[in-house]
Every structure is written in structure tokens, then in C-alpha cells.
Amino acid sequence: MASRQVLTRSLAISFCMSRLERTVDFLVQRIEEISGPRQASPSATSSIGHVSSDPGLRVPLEEPSSAPLFVLRDVAAEAGVQAPQDDTNTLNLRLKGRDIIASGLLTGQDASTLLSLFNEHYGRWVVFNPSTTPERLLAEVRSSPLLLSACCLIAIRHTTQDLASRIAPRLFQEAKELLSAAMLAVPQSLDFFQASLIMSMWSTTISQMPLSVDSWLLSGFALQHSLATNMFRPVTNMSDPSATRKSALDRLCVWNHLCLVHLHYCVGTRRKAMLDRQQIDRCRGILDSDHVTNFESRMVGEVHLYWIIYESCWATPVDLPKTQAALWKWKEDWKFLFDQPRSQFIQMGFHFAQLIIYDQSLKTRSAAVRESLLSEMVRLSTAIINLAMETTDDRTRHLTDHIYHMIAFAAVTLSRIMHLYESQLPASYNLVELDNLVLSLVSWLHSIGLPCHVAYTLGDVVASFHKKLRPNAQLSPTNSYEDADPFSQEDFASLFPELFGTTSYEGSIGNLLPDWGPINYPSN
């Protein structure tokens, strides 16, 4: 009898392992299909990166109900594999509602103060009621430990450097653990989508390093989760009568913002989108509402702008005339936004779109066309930088990380052009003025917030990169590198890959430069 039990057990394990091997092979194939020719960022293999983002995934196993993760769980249990006891206890506490207040990380008063700060400057992104009292807001948000951690993590960057240095890393770790624990719950409640949006939109702020939280992956997971819940069905199907209700419109705002941040990182990392054209068009539904604001109109406009950039990024080579026509048509369709408040961000996005397209087109064009593209890229880069510095106000420090990514990308692009094509630039460009513009931008970025602010961090990176490429630049007496190079790392591309537009970061400074190549003029 004992030997028969052992044999049965061995056969069961063998059968499970066989199913597991087929499951893994299928998952790898699906991931490769979704990811396309480009490899995902190494950070995509983090604790939130092991689950397929395709909700339609069906693994062809003998038992249709045997989902891949359940197979892994059963095989692990059969093999006697268990998580460390401390980690299990920690996770159980999280799921039982142990939040950052109960754990003693923050007092109730501290959390209330941080939530009020968050609601004032960022609440509209996640449709918090601006008139809600701090006490009521804390009571509402505290029902979700993940959302509470995410909100406080953003707000604490605007308190003091000492407090941010001590508390923010622990808040970040807390948020990541809670996010990992929440990923597999289906269906999700609204607070999960709000927290995912916050952590995607301000991922550089919360981690102090781009892609430490992979915003493409996280926003993609949230969008896929939205398909597994009835919560977003009315807003993604605008023929539903309930789609006109205020609650549905609030959810549409969250959904629109998830679409926007996902497209930001599709363009920034050149990865495939979890969205299609039909879903993008549904973002317009909010424009028919009496409750629509200038802010929401701008967000819908940006969604459509970034969809144009995204579609062009996957064309090889880039169809420059077609893309330019699409961009100018977009500007005509959304021209009413250019006459409204805060239009500088719409204008900046339009410049950024053209800069991205020219950047991709440069290496595939004739010498004459490429010289013209270089001139346009200098114009667009300086326009973005000047527009940012000339429209500074009390809300500048509370912008999304993507705004600062665009500004820093413009400065990095300008530095690269001056380094590679100094002799080919038209005589009308004063290189001394361009060098000083970059350093003026660094000073501006450093003036915005605390040293833990994303602007300050990117200011350091821009200064260091410019100094590497332009060590002999003639700077004005008011600009210098003395206080702008605190980093000791030699390779900043590995820290900020989306700014440098490179997929390989090992080796010399040449790896930080795009594959533009020299301009070779035909001989007469």
C-alpha cells in the first residue's frame, strides 16, 4: 500500500510538472508576442512583473480550469515549498488592513496632513472631492492601505528633506508590498485603480529613479484589470444610459488618466500599448458632459496626441509627411485648448511630439533633409525649455513627472546635437547661448523643490550629461557646474534610459548617443 501511494504521488508530481512546462512555454511565447522585437526593461521582472497582462490568456491544459498560477501554487505546495514565515505573516497583516498608521509609520494626524496636501495639488487626478474635510478624507482613504500609502508617498516629497529622507523609502517599500499583494485580486475596487494611477504617474518621484516602478507595466495591468470589472463598463460603452451619471464620469476620468500615463510610457519606452483605437476614441465621451473641465479636456487632447506619436513610433522608417499631417490636424482639432488657461502644457506636448518624430527620422534621411531636421530639433528643444521656464507659477512643483521628463529630454537632445553636429549647425545658432540655456535650465530645475523633487534630480542628470558632452563649453559667469554635479556614477543612461533613448548602457559615452551618424554630403 505504501509503495502504491508513493507511485501515485510520483505520477501526480510528474503530471503537474509536465503541465507546468507547457504553461511556462506558452507564457513565454505570449510575452514575446506582446513585447514585440524590443526587450522589456530589466525592471519589468520585479514583483509586479511575473503575471501576464493579457486577461484573455487561456493556457491549453487538459483541465480548462487549471489556471497557470494555480498550477504553480499546487506544484509548489506538492514539493513542500513555502514562503518564509516572516514574509507570510507580513502579507497576512497587509490583507487584514494593517496600514501605515496601524504599523506606526505615521500618526493619524501626520497622515491627515499629507492627505490634505495631496488632495489640494493632486486630488483631481484621482477624482477626490476637493471640499472633503481632512478627517473625512482620511476615513475614506484609510479603507485602502495601498491608496493611503501612495497618496502619502507623493505628498511627503513636499514637506521637508529630512522627513522625506526618513519616511519616503519606508512608504515606498510599503506601497510596493501592498501593490504586489493586490495584483491578483479580481475584480478590483476603485481605490486600486487610483493607487495604480498615482504610482504610474509619479513613479520617478516616489522611487527617485525612473522605471524602478515600471509605469508601462503597472498602468497596463490596471487597464487589463479594468476589463475584468463592471465598474468601467458604462464609461467604456458610452451608449449605456448610466454613462452620463456623475459617478460614471468620475470613473471615466480615472480611466482616461490611466490611458494617458500608459501612452506616456509606451512612447517613452517604445513598447506596445495595451490599448486600441476604439478605446482611445472612448476617452472623448467626457467632452459631452456638462461637468467637463479645462483640465479634463486637456487630458483627452493629450491622449489623442500621444496616440499619434505612439502609432508613428512603430513605423519603420517613420512616414514623416504622414505623421506631420496627423500632428497638424490634431492641433487644428484641439485648437480651442491653445486659447485656454494652462495651454503651455498642450503646446509643450505638441513640440515634444515633433521632436520625437524628428529624432526617429534623422538617421534615415538624406544629408539635406537631415540638416533641416537638426535645425528643427534645435528649435523645438529650445522652445520646450523656454516655455517651461517662462510659465513658472505656484503649481509648477506639482506637475506630473512626465512634464519634467519632456523638459529634460529636450535638454539632453540639445546637448547631443551640439556634441555630434556642432560644425553642421547653421551659423545662426549661437552655441554659447545654447550651452548657457541648458545650464539655466539646470538652475531652474534646482529651484523648484526639495533635493528629493523630481525636477532637482533631473537637473543633476542634465548638468552631468551636458558636462560630459560639452566639457569645453564657454559658459557665462552666471552659469557653472560647481553645484550641479553631485552624482558619482559614470553612466547616467542606466539610471534614466527613457531620457537618453538608448537600449544599451554598457561602455563609453558613445553608448549614450543615438544612432544618428554623421551627415555625409555628396561630392560635387
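A short reminder: the numbers here are calculations on the coordinates, not readings from a lab. Just so it is clear, the model here is predicted, and its values are computed rather than measured. Because the Cβ atoms are built from the backbone with ideal geometry, glycine has one as well, and the counts that use them run over all protein chains shown.
Here are some notes:
- Normalising the average separation of contacting C-alpha pairs (under 8 angstrom, six or more residues apart) by the number of residues puts the relative contact order of the stretch 89-208 at 29 percent.
- Taking amide H as placed 1.01 Å from N in the peptide plane, the amide H of Thr229 sits under 5 Å from none that are at least 5 places away or on another chain.
- Gyration tensor over the Cα atoms of the stretch 282-437: the corresponding equivalent ellipsoid has semi-axes (square roots of 5 times the eigenvalues, largest first) of 29, 20, 11 Å.
- Cα-Cα over 27 Å, subset of Lys272/Lys468; Lys329/Lys467; Lys272/Lys335; Lys272/Lys363; Lys335/Lys363: Lys272/Lys468; Lys329/Lys467; Lys272/Lys335; Lys335/Lys363
- Trypsin sites (Lys or Arg not before Pro) within the stretch 248-277, DSSP loop, no more than 10 other Cβ atoms inside 10 Å: none
- Candidate lysines - alpha carbon under 24 Å from Lys331, same-chain residues fewer than 8 apart omitted: Lys322
- Sequence-separation-based contact order of the stretch 246-382, relative, with Cα cut under 8 Å and 6+ spacing, percent: 22 percent
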